[in-house]
Structures are given as C-alpha cells and as structure tokens.
1. So what's the range 197-284 giving for Cα Rg divided by 2.2 N^0.38 Å, two decimals?
2. Explain nothing, just compute: Karplus ³J(HN,Hα) = 6.51 cos²θ - 1.76 cosθ + 1.60, θ = phi - 60°, for every residue of the range 90-107 in order, whole Hz, x for Gly and Pro.
3. Check the straight Cα-Cα distances from Lys65 and name the lysines below 26 Å, setting aside those fewer than 8 residues away within the same chain.
4. In the chain, with Lys and Arg counted as +1 and Asp and Glu as -1 at Cβ, which of these residues, Gln98, Phe287, Ser274, has the Cα nearest the positive end of the dipole, that is, farthest along it?
5. Order these peptides, 329-342, 30-43, by their mean beta-carbon neighbour count within 10 angstrom, highest first.
6. Using the charge dipole of the range 118-230 (Lys, Arg: +1 at Cβ; Asp, Glu: -1 at Cβ; taken about the Cα centre), state which of Leu190, Phe128, Pro151 has its Cα farthest towards the positive end.
7. Tell me which residues come under 5 Å, amide H to amide H, from Leu149 once H is placed; ignore anything under 5 positions away on its chain.
8. Over the range 194-349, consider all pairs of different Cα atoms and compute the Kirkwood hydrodynamic radius from their mean reciprocal separation; express it in Å, one decimal.
Amino acid sequence: MNYSLSDFDFDLPDALIAQTALPDRTASRLLHVDGDRLLDRQFPDILEQLQAGDVLVFNDTRVLKARFFGVKETGGKVQLLVERILSNTEENRSVLVQMRASKAPLVGSKIRLADAFDVTVGERAGEFFTLHFPEDIFTLLDTYGRLPLPPYIEHDADAFDEQRYQTVYNRVPGAVAAPTAGLHFDEALLQRCRDKGITLAYVTLHVGAGTFQPVRTENLKEHVMHSEWYTVSQETVDLIRAAKAAGRQVVAVGTTSMRALESASQSGSLQAGSDDTCLFITPGYVFKTVDRLITNFHLPKSTLMMLVSAFAGYERVKQAYAHAIAHQYRFFSYGDAMLLTNTSGKDHA
C-alpha cells in the first residue's frame, strides 16, 4: 500500500499533550503493543518484558542550551536556535542556526547574543545561517543559552526542565531536542536492568530541530528528511552481534537510537562508524537490526509516526493510538511510552 501524509493524521485533544514532566521519571505509563493485544502497564514493568542477554540501546546525546535571543547591529531583534556545531577549533568556531528575524542579517554583520557576546554572520545554508562564535562554543552555550523545549510545550524552560529534559546517562553534547524515550529511565531502573543481566549499550545521535519540522507534502516521496549526525561504536556493534548470535533481542530506546542503528545497517549488517543520516523510514521498510522499540507517542503527520508504523504495522499503531487517546495517555516529549515489536517484513497489520 502506498501511504500519503493524511494517513498519519489523528485528532489529539490538547489536554493530552504533556506540558510538564512527572517528578518521578519512572512514573509514566507504558502501553505494551503485544501482537493484537494492547496492555496497559506502568513503565517499570518494562523489566518483565526483557530477558537476560537482551541489549537495550540508548542514545547518550546531551541537549545543548541552544536557544538565544539577540540584537542585530541595526537594532532588530532575532531569535536563534543552534541546529548543530560545525567546528569548535581555535581557527573556526562555527554553528548552524535557525533564525527568526524581521529581515535576514547581512553576511559579515554582528549579532549580540544574550547581551553578552557577539557572533559574526556567515553564509546561508538553505534554511539555516552559519554563525561564527568568538570563544569555545560549548562554554558560551552552557553559560548564556537557554534549554530549547519543543514548540508544543507552552512554558519557558526552568531549573526543573534543565534536569528533566536530559536523560540520566547523557554524556555527548550536541542535540537540540532530547531523546525522550530515555527520559523514563532513572539510575535505579538502569541498575535493575543490569542486575537482571540485560546489556546496556550506547549510540550517539544528535537530535536536530528538524525533528519538529512538519512534513509539507502529501506525497511522502517528495519529503526531504532532515540530516542528523550519529556515531555507533565498535563496542556497541560487538554487543549487538553477540546478542543476535545468542538469539537475544535488540531493543532500541527511542526512535533516535533506532535511526542510528538502522542508518549504520544500510550495508545489510550493522557497522561501526560516524556519519550524517537522512534515513526516512516509512511503511514497507524492513528493519535490519532492531527487534523491539520503546518510544513515546508522536505528533500527527510526523516522520516518527511513519517510522513506528513501519516498525509495528500501520493498522496496529493506529489502534494503539486510538486506545491511548481513549485511555488518556500523556503525549509527546514529557508523555507516556509504548513498547513495540518489529513486524516489518512479517505482516502488514
């Protein structure tokens, strides 16, 4: 079946969009999609669904304080969102940004950010601008930037968000959005996984702001997927290969872990390395590495709705979302989770 954009639309009451995170990371609900059964669980029940020798694959990216307010030399105000760091050497400290301004700044002009330091405007790159920073980018972002919450969260980030909109295992700065399935794990739950003999492995995918960009074309083949940088280490590859050889399952924690693993598997088998990925997964895609997926509930018409539909089956995901809405699950980044099983290449449900 050829799917169109409207096939991934659904009506979601605004009240179900989680505006704040629960104080306890593991207190979320878990919708377990088990074949034709939809089972309402609590998130810590995930332990019962995993076996010793299974591999949980986490995305260890860290969300940057990537949002800035600034003023152009002309006095005009701008809002910036750092999309990615291009280079952070003494010779070249440059970033790619999304910019909102009444008029685009000129190449070579200065912008004062956070009333603290000046950046120089470089060349445009499609919808993005290049900015050159005067000092270490990570230091300036951490000191003067603001945590960028998703556009559907209606409050500015506060101290609670700065802690809760990061995973407890984050370690590689570079994302502008959190890998939100991982927000449900705290240190105690991770230790319980280790105690059960579950292997914890890590990839890095720096989530870009493009993850929130709407798909604007009804014909999905015309959509240009945003690009994100990922790294899969040889250690993680070896852990996954050993699990597969032992008949155990690879469980991706979040769609970003999934995209990193599947991007690194495009040769037919999982390979270590780092690269940009524009992998756009829609129904019909056959997954090469991941057996199960832990993920949050995604936006209507989003590329992530298409990904989970490809993974677990279009009709099955449609039924799961209808169930979640009827049972008032919490949606999106601060919301509840689901556990899905790979049915790609097996059925079309």
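Readers should treat all values here as calculations from the given coordinates under stated rules, not as data from a laboratory. In this text, all values refer to a predicted model and were calculated from it rather than measured experimentally. Glycine also receives a Cβ, built like all others from the backbone with ideal geometry; neighbour counts cover every protein chain displayed.
1. 1.19
2. 4, 7, 8, 10, 10, 9, 9, 10, 8, 10, 10, 8, 5, 8, 4, x, 7, 4
3. Lys65 reaches Lys77, Lys103, Lys110.
4. Positive-most Cα among the choices belongs to Phe287.
5. In decreasing order of mean packing, 329-342, 30-43 become 329-342, 30-43.
6. Result: Leu190.
7. Ala157
8. In the range 194-349 this quantity evaluates to 16.3 Å.
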